[in-house]
Each structure stands twice: as structure tokens, then as C-alpha cells.
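The values are calculated or read from the model by the stated rules, or taken from the named source; none is laboratory data. None of these values were measured; they are calculated from a predicted model. Quick reminder, even Gly has a Cβ in these numbers, built from the backbone with ideal geometry, and neighbours come from all protein chains shown. The area values use the complete protein model at the heavy-atom level, side chains included, leaving out ligands, DNA and RNA. Shrake-Rupley method; radii C 1.70, N 1.55, O 1.52, S 1.80 Å.
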Number of protein chains: 2
Amino acid sequence: MQVQDYMQTLGRQARQAARTLARLTTEDKNRALHAIAQALEAASPQLLQANAKDLEQGRARGLEEALLDRLALTPARIEAMLEGLRQVASLPDPVGEITEMRYRPSGIQVGKMRVPLGVIGIIYESRPNVTVEAASLCLKSGNAAILRGGSEALHSNRAIAACIQQGLAQAGVNAHAVQVVETTDREAVGALIRMDTYVDVIVPRGGKGLIERITQEARVPVIKHLDGICHVYLDRDADAQKALAISLNAKTQRYGTCNTMETLLVHQQVAANLLPSIAQDLLAKGVELRACEVSLALLQGAHLPVIAATEEDWSTEYLGPILSIKVVDSLDDAIDHINTYSSQHTEAIVTENYTRARRFLTEVDSSSVMVNASTRFADGFEYGLGAEIGISTDKIHARGPVGLEGLTSQKYIVLGDGHIRQ
Amino acid sequence: MQVQDYMQTLGRQARQAARTLARLTTEDKNRALHAIAQALEAASPQLLQANAKDLEQGRARGLEEALLDRLALTPARIEAMLEGLRQVASLPDPVGEITEMRYRPSGIQVGKMRVPLGVIGIIYESRPNVTVEAASLCLKSGNAAILRGGSEALHSNRAIAACIQQGLAQAGVNAHAVQVVETTDREAVGALIRMDTYVDVIVPRGGKGLIERITQEARVPVIKHLDGICHVYLDRDADAQKALAISLNAKTQRYGTCNTMETLLVHQQVAANLLPSIAQDLLAKGVELRACEVSLALLQGAHLPVIAATEEDWSTEYLGPILSIKVVDSLDDAIDHINTYSSQHTEAIVTENYTRARRFLTEVDSSSVMVNASTRFADGFEYGLGAEIGISTDKIHARGPVGLEGLTSQKYIVLGDGHIRQ
């Protein structure tokens, strides 16, 4: 019950802070971002000390090396955090933008004003840099933030929170604009995702399991990203060089990211021509290939070491050097396969054909759809959003990379001169 | 379990239909809307017969007169349905709109394309006209619809569904684009709001109790409208005539609507000047006045029959000829009162002061915020949306009246020429 009370208090304070944040000028917010950066810079030694404590406890508890790596702060990583803050400060402020003001026959003028969502709850893993990133995006978009990071990063997050507080105070911003949950009690997450009077939206960042659990239990709307089963489709009219470059880049530029290709689809008429050389290059990079019946025969015929794909492969996010390959009979088959198996994250077609490019763009129901470009481009920086709080595979509110604008909404504004309704 | 299976079948069919709907041209969709109108017109006698059966059963079951009135079809109401269909056909198609295409430093071109949400579940009361209205808005926005109307309208809805089917078939549109749930089993609603693989969003239309229940139990995102506790604030610099006209219109033009004013706020410096005449006119219209301490003294001093407001009045949606009145010390107090007690639906300020108008627009956190106009303007037709499926008091996705655009979302599209990420 104590945790519940604690979370309710954070919620109430966040709601109050959100009202004052809606009033801040762009300059106020940027000043706070720069002040936070200065505070973090000045406190670097303390941050590294606090982080060392987390790392030590993590090692004692036998945390995996990959988790320890994410948890670790270094002078270079602190510098990257500062750079991130300055970048967010330099982004245009989405709040207050007025659009579509039009006169109506009644004489009133109606349009939309972009406004903060209010209070955003962010639940994430033990990555201290996310604390700074999430705080900066929420602050710039005029939202109050309640940040719940992984318990392994508690000392680091507390040290960062102190710097954020210092920065807010220095810029005269409400201290509850950014609150870090300072308990490792798991009940805190349950409370946060159910406080629908105080929290307007939850953004979970973490593994699929965590996000599914949060989605199931939440009463507050969730902007979520489950997984990235991304496809590249090599059309009948694909340019061979582009097909090779994009396939390789989409699979091997980085294996662990959600916008990495997991399945390569190839039109039957060009499979024999395109697949062997692509497969060869992928194999040379150490990628395991799992092929459908047709491509299996084709690649084995070219004496390449591939294995047979199973039904499960089509819906698997490998996040590693594995690729499933399927030959399809037509564009329709490719689109059907994608709309059936993809996680609606990012899909690309390689083609020189105008009509099929247009159909692919229109009919593929994913948050990012591309022509002759690598799926790896699907992220906030590449799209020009400046930074992203996550990539949404939801269909309402925001799809794809969620930047500052995704943390806002639009209300209607009406200007009259004593107008009444007849 | 049978109901579960039935609903799963509807869901699966809707999902399949949604994919074909995404491909339809604007003309296809308009042809279907006109064909449905023709089918309804031709079947008017059958519609009236089916409706008579519903009305008879409703009377036998002792339905309230107001509910019977909503349930009733007349030739004029059928004509209004046809007119509604034609209007939706004449609205611009939001789907496919491409915006913000910009080149990025990497050379790719990134922008957004407006797309249907997919499958929309609509849960509503026993109002047969909603069946046609919801079907037409979903169809025009390229979404598949699963419609669950009140059980008292089952015969009417079945007859309407038959006409919709006829119209879809005639225009060559997938028969599952619009499906009417043909069971009165309450379990059907439970199934519908939990089928998150098949349904993308739920729009409930009905009383607050129904909507709260749905929101609590839903796994699918809900676009909801709970209540309308709307305020008009008469500022220190309010024009007396505008103040009177807007106050009267906002309260008395219609009592039962969600955009009707429920609380009148008045700046202390103008209360003595403005309130008595406004109160007099409201009383003359039969409105009961519930006043705060200050306004009570003021109005009783003017020998007007008012009663004392209680704390509960500030958060009550009367939906009838009752108004609560409160005198506030400042614009800040007015905004605080609104942001505390309003349901974030619609609020208006009456003022000639530029700075306070601007502050009110910016700081009031409601889906519609107005200057010198009656709250009664807050609806889809008045805003130029053409028609609305509801008014959202949510903060994510869509706020305020939800028209065709509110039933769509935006995906990212990326155009390249063989671009790969460095």
C-alpha cells in the first residue's frame, strides 16, 4: 500500500506540473534542457561513481555481459547524453502550432492547436541514457514525465535525477516536471499503468514480454512497439544492384535492431537470377539462410549451404544473423505474406516499376513502407524527427518512430465574435 | 462459446475485408454509399415494418418514451439517413493523402501517407440511424466495421444490414466491409472489445456507464467520450451583449447535448453587472440556478430565486435545465476551476482582451476551446467535418469531434533509389 501511495503522490504532482508545463515558452524549455546538460556535465564524476556501484552489484548478481554493457556509463556516453540534450533543445517546439484555421458558414473560425498529451509514464530497462533522453523529449514537448527505469540502474538513475532536478530548478521549471521512480518495488509499475486519472499515456521500452504484460494490465493507453519482423521484397522489375545492396544492408548493417530485415521475399521470375549472388554475400557475412521449398532447391542447386524454413520462421524476429527467404508468385502474394506475417513495422520493395511501387506503398499496412531503400532507415534520426522515444507498431495515435510530435495531440480552437448556434 | 466463435468469425472476415478496402478508389466507395442509399430507399416499407416490430416489443417490455422515440423510424428519418449517406459520399476522401515529403541528408525522401485504421468496432444504443451513419463513415474512411447496436433495435438493424449488403454487392465491395452483429447476447460485446488481433479500435456511443464498463474491460484501444461538463467564463473584459447571448445559447439552445454549458464562471469585477440580467433570462426559460456563495448573495440581493450550489455541482453533467454558477477572482482561478472540474470537452471564454483570450486558448486543456462563441458549436457538422462518429474526450489519437480523418492514421513512406544506411 505504501508503494501505491507513493505512486499516487508522483501522479498527482505530475498532473499539477503538466499544467504549468503547458504554459512554458520554447525558450523556458530550452533553457531547462541546457541547464540539465550543464548539471550532468558538472556531476560527471558522481555519475560514474554511482554507475560503478550499479555495475558492481550487477556483476555480483550475475547480470549478463550485454546487460552490463547497456548499464555502463563512460565519459563518452555521458558526452553523448549531453549532445542529445542539446539536440533536443535545437529541435522546433511542436507545442502551440495552429493549423487549418478556416471560417465556417456560421461565421466561426475553426482550427487545431497542437498541445502536450499531459503526463507520460515511461517504463524502460537498465539503461541510464534513456532516463536523460526520455526526460528531454517529454520536457520539450511540454509533458510531465514519470520515469521508471530498471532496478539495476537505480544508483545511476538517482544521480541523473538529481542533475535533472538541479537543471529544472535553475531554469525555474516545476520540480515535478520530471520525476524518477525511486523504488525498485515491482508494484510501482502496476500502479503507474493503472493511474488513468494522473497518467495520459505509457511508453514501455523493453523486451516483447514486458510490453505484452504492460499492455494487458494497463488502464492507461500504451504507445507500444512489440517486435520488428521486417521484409524486403525483390520485385520482378528489381534492379539487380539495388536488390543486392539493399538486401545486404537491411540484414547485416546491424543484426539486433528492430528495423533489420528478417524475411526476404523474391518474385519467382527473378529468383534464379538474383538469389544466388545475394545468398553468397550473406553467407560470406555469416548469415544463416532458411529457405522455402523453391528457394531451397534453387540455392542448393547452386551448391550453397542453406536449410529449410519452417512455418514458424515466417513469424520469427531473429535479432541475429539468420534470414528466412521465400519465393512468391506475384506482388499480391508478397503483400499477402507481409500483411499476414509482418509485425507492421517496416517493409521495402525493390522495383523499377511505377505501378507496383505505388501499390506496395498503398497496400502494405505497416508503420513504414519503402521503395528502393533499406529498412534500416526506419528511425527517428533518419526521418528527421531529431530523436525518438520509441517506434510504434500501433495503429491509433502515432505509427512508426515517435518523436516530439508523437508526444502531442491536437485540440480544436474556435474563434468567434459573439457567435451563437442557431 | 458459440458467441465467441461467431464473433471471431466476424473479426476474421472484417480483417480480410479491411485489406481489400484499403485498395478501393474514392469512386468505388462513393458508388457503394449511393447504392446503399438506393437499397434503403427501395426497402423503406420493409424498414418501417421491421421497426414497427421493434417498437411493439419495446412497448411491451415497457421501454421509456425517450428510448422509443430514438428507436422509431419514420419516412422523414429514413430520408435523413439517405441524405446522410449522400453527404458522406460528397466528403473528400482522407485516405491516401501524402504530406510532408522531404529529402533527408542521406538522400531518402520521407513523408506520411494517411491510411485507414483497419477494423472498427462500434457499440451503440438502439438507434437504427447510427447503423447507417457508422457504416458510411467507416466505409468512406476505408475501414471495415463491426456494428453492435442495442438489442431493442435488432429487427430494424437486420433490415438495414440487408440493404447495406445489397449496396455493397452492387458496388462490388467485399460483403464483410460492414457486418452487423446479429445476436443480442451480451457476451458479444465482451468478445468484440477483446479481439485485439481482429479489431483496431472500439468506438462506444452511449451512456457514461456503458462507456466506462467498456473502457475497463477492453483490450482494444477505445475512442471514447465520457461526459460533457462544459464551461463558459465571462472575463473581466467581457462584452455584456456577447456574454448574455453566449450564456443563454450555451445553456438553453438544447439541454440534453454534451456540448451544453453546465457551469457559468464569472469574473468578480463584472459579476454584479452581468449576472442579474443573465440569471433573469435563464430563469425565464425555466433554468434552475445553483450559485456559489458570492453569486448566491448577489442574485438573492436582486430578488432572484436561486439555490446554493454544493461541491458536487461543479462536477455534475445535468443534461437538463439546471446551471451552476461560480464567481472567480481571476483568469487563473477560472482556468484552475476548469482544468479541475471539466470533462475536457468544450470551454469558452467571453472577453475583448487579447492576452487573456490567448492564455485561455493555450492553457485550457479541453478538446475544444473557444473565444466569444457558444459551446454548442462543438460538433462535427459545425466544424466542417461533415459528420462525426463521436466526440472524443481522450487525449491520444483524436480529440473533439471525430470525423473521417479521426478514423484514419498516418504511416511513413520512404522513397529511395537503392539507398542503404551507412
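With +1 on each Lys and Arg Cβ and -1 on each Asp and Glu Cβ, how big is the dipole of the protein assembly as shown about its Cα centre, in debye rounded to the nearest 20?
Here the protein assembly as shown has a charge dipole of around 480 debye.
How many angstrom lie between the Cα centre of the stretch A:173-221 and the Cα centre of the stretch B:235-253?
43 Å
Nearest 10 degrees, 0 to 90: what angle lies between the long axis of helix B:208-217 and the longest principal axis of chain B (Cα atoms)?
Orientation of helix B:208-217: about 50 degrees from the principal axis.
Can you tell me the 0 to 90 degree angle between the C-alpha axis of helix B:240-252 and the longest principal axis of chain B, rounded to 10?
With both axes taken from Cα atoms, the answer is about 50 degrees.
Please report, for B:GLU27, the nm distances (one decimal) from its label point, 7 Å out from Cα along the beta-carbon direction, to the equivalent points in the remaining copies, shortest first.
Its label point is 5.6 nm from the equivalent points in the other copies.
In the stretch A:217-247, what residues drop by 40 Å² or more of accessible area when the other protein chains are put back, versus the chain on its own? Use 1.4 Å, and skip ligands and nucleic acids.
The answer is A:ARG219, A:LYS242 - residues whose exposure falls by at least 40 Å² when every protein chain is included.
In deg cm²/dmol and to the nearest 500, what is the mean residue ellipticity at 222 nm of chain A if only DSSP H runs of at least 4 residues count, each as -39500 (n - 2.57), divided by the residue total?
Rounded to the nearest 500, it is -14000 deg cm²/dmol.
Once you have all Cα-Cα distances for the stretch B:182-268, histogram them in 10 Å bins from zero and send the whole-percent values.
Here the calculated profile for the stretch B:182-268 is 15, 31, 19, 19, 12, 3.
Calculate the mean, over all residues of peptide A:361-370, of how many other protein chain Cβ atoms lie within 10 angstrom of the residue's Cβ.
Average neighbour count from other chains, rounded to a whole number: 6.
In peptide A:109-118, what is the residue-averaged number of other protein chain Cβ atoms found within 10 Å of each Cβ?
Rounded to a whole number, the mean comes out at 4.
Give the residues of the stretch B:230-270 whose amide nitrogen is closer than 17 Å to a point set 7 Å from the Cα of B:ASP329 in the direction of its Cβ.
B:236, B:266-270
Under 16 Å Cα-Cα from B:LYS285, which lysines qualify once same-chain neighbours fewer than 8 residues away are excluded?
B:LYS251
Report the residue of chain A with the smallest Cβ-to-axis distance, using the rotation axis that brings A onto B, in whole Å.
For chain A, the closest residue to the axis carrying it onto B is A:HIS397, 2.
Quick one: of the DSSP bridges fully inside chain B, what percent are antiparallel, nearest 5?
30 percent
Between chains A and B, what is the buried accessible area in Å², counting both sides, with a 1.4 Å probe and ligands, DNA and RNA left out, to the nearest 100?
Buried surface at the A/B interface: approximately 6000 Å².
Would you tell me the mean number of C-beta atoms belonging to other protein chains that fall within 10 Å of each C-beta in A:389-399, as a whole number?
Partner Cβ neighbours, averaged per residue: 5.
Hey, what D do you get for the stretch B:3-119 in µm²/s if you plug the Kirkwood alpha-carbon radius into Stokes-Einstein at 20 °C and 1.002 mPa s?
For these conditions, the coefficient is 117 µm²/s.
Where the only charges are on Cβ atoms (+1 Lys, Arg; -1 Asp, Glu), what is the dipole of the stretch B:230-382 about its Cα centre, to the nearest 20 debye?
Roughly 460 debye, rounded to the nearest 20.
I'd like the distance between the alpha-carbon centres of the stretch B:358-382 and the stretch A:1-56, rounded to an integer number of Å.
33 Å
How much of the accessible area of the stretch B:1-110, probe 1.4 Å, is carbon plus sulfur, in whole percent?
Percent of accessible area from carbon and sulfur atoms in the stretch B:1-110: 51.
Need one number: the % of Cα-Cα pairs in the stretch A:230-382 sitting beyond the 29 Å mark.
Considering the stretch A:230-382, 6 percent of its Cα-Cα pairs are separated by more than 29 Å.
Have a look at B:LEU299, B:LEU21, B:LEU47 and tell me which one the Gaussian network model of chain B (Cα, springs below 10 Å) gives the largest fluctuation.
The residue with the greatest mean-square fluctuation here is B:LEU299.
Helix B:128-140 versus the longest principal axis of chain B: what angle, 0 to 90°, nearest 10, using Cα atoms?
70 degrees
What do the square roots of 5 times the Cα gyration tensor eigenvalues come to for the stretch B:148-190, in whole Å, largest first, as semi-axes of the equivalent ellipsoid?
Equivalent ellipsoid of the stretch B:148-190: 22, 12, 5 Å, largest first.
Could you pull the Rg and Dmax for the stretch A:165-322, using just the Cα atoms, both in Å?
Looking at the stretch A:165-322, its Cα Rg and Dmax stand at 22.8, 70 Å.
Report the residue, chosen from B:LYS224, B:LYS251, B:LYS411, that carries the largest GNM mean-square fluctuation when chain B is represented by alpha-carbon nodes joined by springs under 10 Å.
Comparing B:LYS224, B:LYS251, B:LYS411 in the GNM, the peak value goes to B:LYS411.
Using only the Cα atoms of the stretch A:147-230, each taken as one equal point scatterer with no solvent, compute I(q) by the Debye sum, divide by I(0), and report log10 of the ratio at q = 0.14, 0.15, 0.17, 0.23 Å⁻¹.
-0.58, -0.65, -0.81, -1.16
Note down the magnitude of the dipole of chain B about its Cα centre, charges +1 on Lys and Arg C-beta and -1 on Asp and Glu C-beta and zero elsewhere, to the nearest 20 debye.
Using only the charged Cβ atoms, the result is roughly 1440 debye.
Give me the net charge of A:ALA250's neighbourhood, meaning all other residues with Cβ under 12 Å from the Cβ of A:ALA250; Lys, Arg count +1, Asp, Glu -1.
+3
If you find the alpha carbon centre of the stretch B:277-301 and of the stretch A:93-108, how far apart are they in angstrom?
35 Å
Report the convex hull volume per residue for the stretch A:250-333, counting only C-alpha atoms, in Å³.
90 Å³
Test of understanding: in a Gaussian network model of chain A with alpha carbons linked when under 10 Å, which of A:ARG356, A:ARG104, A:ARG86 would top the mean-square fluctuation ranking?
Judging by the Gaussian network model, the answer is A:ARG104.
With the alpha-carbon atoms as the only input, what is the per residue convex hull volume for chain A in Å³?
Dividing the Cα hull volume of chain A by its residues yields 175 Å³.
State in Å² the accessible area per residue of the stretch A:320-418; use a 1.4 Å probe, count heavy atoms of protein chains only, and round to the nearest integer.
Result: 26 Å² per residue.
Give me D for the protein assembly as shown in µm² s⁻¹, whole number, from Stokes-Einstein with Rh from the Kirkwood sum over alpha-carbon pairs, 20 °C and 1.002 mPa s.
My calculation gives 74 µm²/s for D.
Beta carbons within 10 angstrom, averaged per residue: use that to sort the peptides B:179-185, B:74-80, B:225-231, B:108-114, highest first.
B:225-231, B:108-114, B:179-185, B:74-80
Quick one: net charge of A:VAL350's neighbours, Cβ under 10 Å, K/R +1, D/E -1?
Computed value for this residue: -3.
Rg(Cα) of the stretch A:112-189 divided by 2.2 N^0.38 Å?
For the stretch A:112-189, the normalised Cα radius of gyration comes out at 1.09.
Can you find, among A:VAL220, A:VAL203, A:ASN249, the residue sitting farthest towards the positive end of the charge dipole of the stretch A:184-253, where Lys and Arg contribute +1 and Asp and Glu -1 at Cβ?
Highest projection toward the positive end goes to A:ASN249.
Per 5 Å bin, what percent of the C-alpha pairs of the stretch B:307-422 does each bin hold, from zero upward?
2, 9, 15, 18, 16, 13, 9, 5, 4, 3, 3, 2, 1, 0, 0
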